[in-house]
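Quick notes on the structure that follows.
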Amino acid sequence: MVVVRNLPLRAPEAGATAGAGGAAPRKPVKTDIIPEADAKLADLGVYVAGVWRDHPWLTLRFTTQAAFATNAAAYHQAVAERLSAGAERPTAAAQIYDLDAQINEYFYRVRGMLTDKYDKKRAPSYFAKMGIVKENETYILPRERSKRAAALAQLIKGLTEEGFVNRTLPDGTVLFPFGAGFWQPIATAYAAAVTDVTDDTGAIADAVGEKDLLREQVETVLRSLAKVLDGNYPNRKEYKAQLRGFGFQRESY
């Protein structure tokens with residue numbers, strides 16, 4: 001069993017304590033052997049787990065090589081899933097943005113149909129059944145996404161009940177081109193996109209939580225292994241060589 005001690009930082013090598021002319025010594029720049037980026041740390045964890053397997057003399061009291069290999073692989077997978085979940089979200093968000101633009105462009109047609117049927121004074125009394133709300137002295141569909149998705153479904157129901165249904169007359173004239181038939185595909189696409197964004201948000205939150213927990217475990221083991229190498233290779237050059245052999249301090253970090 002190799003005992004891990006709280007080792008002090010290595011003292012500067014001879015000649016490195018003072019600058020030219022007796023100037024005050026410069027503090028050495030510390031470079032962390034643990035990469036900050038999740039993707040690089042995940043790769044390092046998997047690599048170290050493989051190297052550790054070939055060095056059975058190296059042991060830690062609180063975990064084993066096999067357990068670390070499992071955690072490192074799980075962390076690597078969690079990082080990949082987090083990146084995947086984040087990549088999917090912009091697609092649904094962009095679709096909602098486009099649908100909002102379409103809704104904002106044509107919604108005045110709905111107000112116009114109701115005004116034509118009931119006159120300007122009475123029309124607002126029918127807005128509520130259409131899912132229409134008043135914001136800043138303007139009648140619109142709710143801006144919040146989940147509320148807007150529900151309002152679109154309510155709008156289609158209200159338009160249908162009021163007889164605003166798209167239909168073509170024998171002479172080719174289209175009645176109510178902006179009736180229920182026009183809004184149905186918009187409502188369907190909007191509801192699906194909002195669901196996707198909501199699901200992606202939940203998936204991202206879950207992925208982040210799992211990833212962060214695994215990162216902490218992987219990082220703890222990696223730092224402990226580095227201390228064991230430090231204690232077993234007092235010669236600085238040998239120690240650095242061992243670190244690199246285990247995958248620490250690559251140039252890409």
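The values are calculated or read from the model by the stated rules, or taken from the named source; none is laboratory data. Just so you know, these numbers come straight off a predicted model, no measurement behind them. FYI the Cβ positions are ideal-geometry reconstructions off the backbone, even for glycines, and counts take in every protein chain you see.
Scan region 109-121 for residues that are surrounded by fewer than 12 Cβ atoms within 10 Å (Cβ to Cβ) and either closer than 16 Å to ALA187 by Cβ or modelled with pLDDT of 90 or more (or both) and report the count.
Within region 109-121, residues that are surrounded by fewer than 12 Cβ atoms within 10 Å (Cβ to Cβ) and either closer than 16 Å to ALA187 by Cβ or modelled with pLDDT of 90 or more (or both) number 1.
Inside region 144-183, can you point out the residues that are among the acidic types (Asp, Glu) and exposed (fewer than 14 other Cβ atoms within 10 Å of the Cβ)? Steps first, please.
Residues of region 144-183 among the acidic types (Asp, Glu): 144, 161-162, 171.
GLU144, GLU161, ASP171 - these are the residues of region 144-183 that are among the acidic types (Asp, Glu) and exposed (fewer than 14 other Cβ atoms within 10 Å of the Cβ).
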_region 167-184 residues that are under 15 Å from LEU114 (Cβ atoms), paired with ones that are charged (D, E, K, R) and surrounded by 13 or more Cβ atoms within 10 Å (Cβ to Cβ) (beta carbon under 6 Å, 6 or more apart)_ = PHE178/ARG109
*Inside region 151-190, can you point out the residues that are among the small types (Gly, Ala, Ser) and farther than 15 Å from ASP100 by Cβ?*
ALA153, GLY158, GLY163, GLY172, GLY179, ALA180, GLY181
*Hits in region 128-164 (condition: of a type outside the set (D, E, K, R), at pLDDT below 90 and in a loop (DSSP other than H, G, I, E, B))*: ASN136
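Results for (1) assigned to a loop (DSSP other than H, G, I, E, B); (2) surrounded by fewer than 18 Cβ atoms within 10 Å (Cβ to Cβ); (3) modelled with pLDDT under 90, shown as yes or no for each residue.
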site	(1), (2), (3)
LYS40	no, yes, no
LEU44	no, no, no
PRO56	yes, yes, no
LEU60	yes, no, no
PHE68	no, no, no
HIS76	no, no, no
GLY86	no, yes, yes
LEU99	no, no, no
*Failed item, numbered, when VAL133 is tested on (1) out of contact with any strand residue (DSSP E or B) (no Cβ under 7 Å at 6 or more places or on another chain); (2) aliphatic (A, V, I, L, M); (3) farther than 30 Å from ALA78 by Cα; (4) in contact (Cβ under 8 Å) with a residue 12 or more places away in the chain*: (1)
